[in-house]
Amino acid sequence: MLKGKKILIGITGSIAAYKIPLLVRLLKKEGAEVRIVMSPAAKDFVTPLTLATLSENPVEGGFFDHETGAWNSHVDLGLWADLFLVAPATANTLAKMHMGIADNYLLTVYLSARCAVMFAPAMDYDMYQHPATKHNIQGLVNRGNLLISPAFGELASGLCGEGRLEEPEVIFDLIKAFFVKKKRFEGKKVMVSAGPTYEAIDPVRFIGNHSSGLMGISIADAFAAEGAEVKLVLGPTHLQPTNKNVEVIAVSSADEMYKNCRILFTTADITVMTAAVADYKPAAVAKQKIKKKESVLSLQLAPTTDILMELGQMKQKNQLLVGFALETNEGKKHALEKLHKKNLDLIVLNSLEEPGAGFRHATNKVSFFGQNGKELHFELKQKTAVAADLVNHIYTMLTTEKS
Ligand code: CTP
């Protein structure tokens, strides 16, 4: 499958570099040509000899060959590759890539590469959470570099959290997916809802929730990457899709989300509702800011429309409707109730009982339940990987069950 594909791997100075020889083996077995460039610090973690042996190419180390005096052109290497993968990418290298600093050979290759660039951060939890790192990663993504988000788990520091370099098998699958030319959802119209809704109390206050929208945004991105025409109805969040082919319809309240979803649903082949829609809104919105008083303040709440339920009633035979369920107890029972009550084809259950799943995490642990009694259970993984699982499953449903 990767026969003749030219893959350049840039390794930087992280303990996670030990995973790269395994990745090189997987790529070579699949027929890829692999060349390696290492930052000076990377050589403290994994030897050039190991990598040269496995890749069957000498490691590209620096501007000069000190023995022969020959000049190594970073431009040539960047032109040679079909894909440049920087893995593990340390916080230091990410920052330099973002700023355009070129103080080692690997960075000059990055700056002159004309091929697609994937990068897989690996660092300690606190470094990964730092706003500077987040800013650098987002900057690289905005520029079209493809992010392989770090996994959740034990870190070299002894902490547990996000920051682990993805496993070589996962990176290998992502590289293969990158080279798959056939887009499975070309010609399909997909609607996704994501994020929270804000229900106004008065001109300055609202009732909201902690949803970041990441799960739905990742699903929208995954469908767009597979050629679908994607409309994302997105509640208030600072996150945005990375795929330029996702059209965002920004909304704020449940009513606004309902109005837009209703219209877009009529032409959608596939609809995935991940939004954390408020179930209640203030019965009346105060025109002026509510002033503080000594006595207890009561708010009267009125139910919002259950958008998913409405869409379930509108659903035509050729449409596929997927809902999400967020449960704290008896997950399966409640998910199945929602599947039937809302007339869905599939429900994705995320259980808040799982550490690392749900709101405020880049990871999620889900189960799928279909109308045919079929159920699938997945491990805790990145939301981008959950999105890929869902897109794959929907493809299977369309090509087998629904047709
Ligand atoms: N949903 C919706 N409109 C609402 C509430 C929920 O479209 N007003 C959708 C969500 O996007 C999700 C699914 O319904 O796909 C289930 O949401 P969830 O909050 O788990 O369930 P509810 O039906 O609201 O039930 P409850 O809160 O009682 O568990």
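HIS210 sits with roughly 110 Å² accessible to a 1.4 Å probe, with DNA, RNA and ligands left out of the calculation. Averaging Cα coordinates gives a centre for segment 313-389 and one for segment 229-259; these two points are 20 Å apart. Among LYS28/LYS176; LYS189/LYS244; LYS3/LYS176; LYS188/LYS259, which pairs are too far apart, with a Cα-Cα distance over 18 Å? Exceeds cut-off: LYS188/LYS259. Annotation: lysines with alpha-carbon distance below 25 angstrom to LYS333 (same-chain offsets under eight excluded): LYS315, LYS341, LYS342, LYS365, LYS374, LYS381, LYS383, LYS402. Each Lys or Arg adds one and each Asp or Glu subtracts one; over the other residues with Cβ under 13 Å from the Cβ of SER149, this totals 0. Relative contact order, whole percent, for segment 147-223 stands at 19, derived from Cα pairs under 8 Å and 6 or more residues apart.
Using a Gaussian network model of the chain in which every pair of alpha carbons under 10 angstrom is joined by a spring, one finds that among ASN372, ASN92, ASN243 the greatest mean-square fluctuation is at ASN372. For the pair segment 109-129 / segment 6-63, the C-alpha centres are spaced 15 Å from each other. The sum of -39500 (n - 2.57) across all DSSP H runs of n ≥ 4, divided by the residue count of the chain, sets its helix-only mean residue ellipticity at 222 nm to -9500 deg cm²/dmol. Shown for the chain: the carbon plus sulfur share of the solvent-accessible area, taken with all protein chains present and a 1.4 angstrom probe, equals 54%.
Bridges between two residues of segment 6-182, per DSSP, are antiparallel at a rate of about 20%. Taking TYR105, TYR280, TYR198 in turn, the Gaussian network model of the chain (Cα-Cα springs below 10 Å) assigns the largest fluctuation to TYR280. For the chain, the relative contact order works out to 11 percent when only alpha carbon pairs closer than 8 Å and six or more residues apart are counted.
For the chain, the spread of Cα positions along the three principal axes, ordered from largest to smallest, is 81, 59, 34 Å. Expressed as a fraction of 2.2 N^0.38 Å, the value expected for a compact globular protein of N residues, the C-alpha radius of gyration of segment 6-182 is 0.97. Net charge of the neighbourhood of GLN382, taken over other residues with C-beta under 15 Å away and scored Lys/Arg +1, Asp/Glu -1, is -4. Summing charges over neighbours of TRP80, with a neighbour being any other residue whose Cβ is under 13 Å away from its Cβ, gives 0 when K and R count +1 and D and E count -1.
Highest GNM mean-square fluctuation among SER157, SER211, SER253, for the chain modelled with Cα contacts below 10 Å: SER157.
DSSP finds beta bridges in the chain, and of those with both partners inside it, around 30 percent are antiparallel.
Once C-alpha pairs closer than 8 Å and six or more residues apart are averaged by separation and normalised to the residue number of segment 6-182, the relative contact order reads 22 percent. Relative to the globular-protein estimate of 2.2 N^0.38 Å, the Cα radius of gyration of segment 186-399 stands at 1.03.
The values are calculated or read from the model by the stated rules, or taken from the named source; none is laboratory data. Keep in mind that what you see is a predicted model, and the values were worked out from it rather than measured. Backbone-built Cβ (ideal geometry, glycine too); neighbour counts: all protein chains shown. These accessible areas exclude ligands, DNA and RNA; they are computed on the full protein's heavy atoms, side chains included. Shrake-Rupley method; radii C 1.70, N 1.55, O 1.52, S 1.80 Å.
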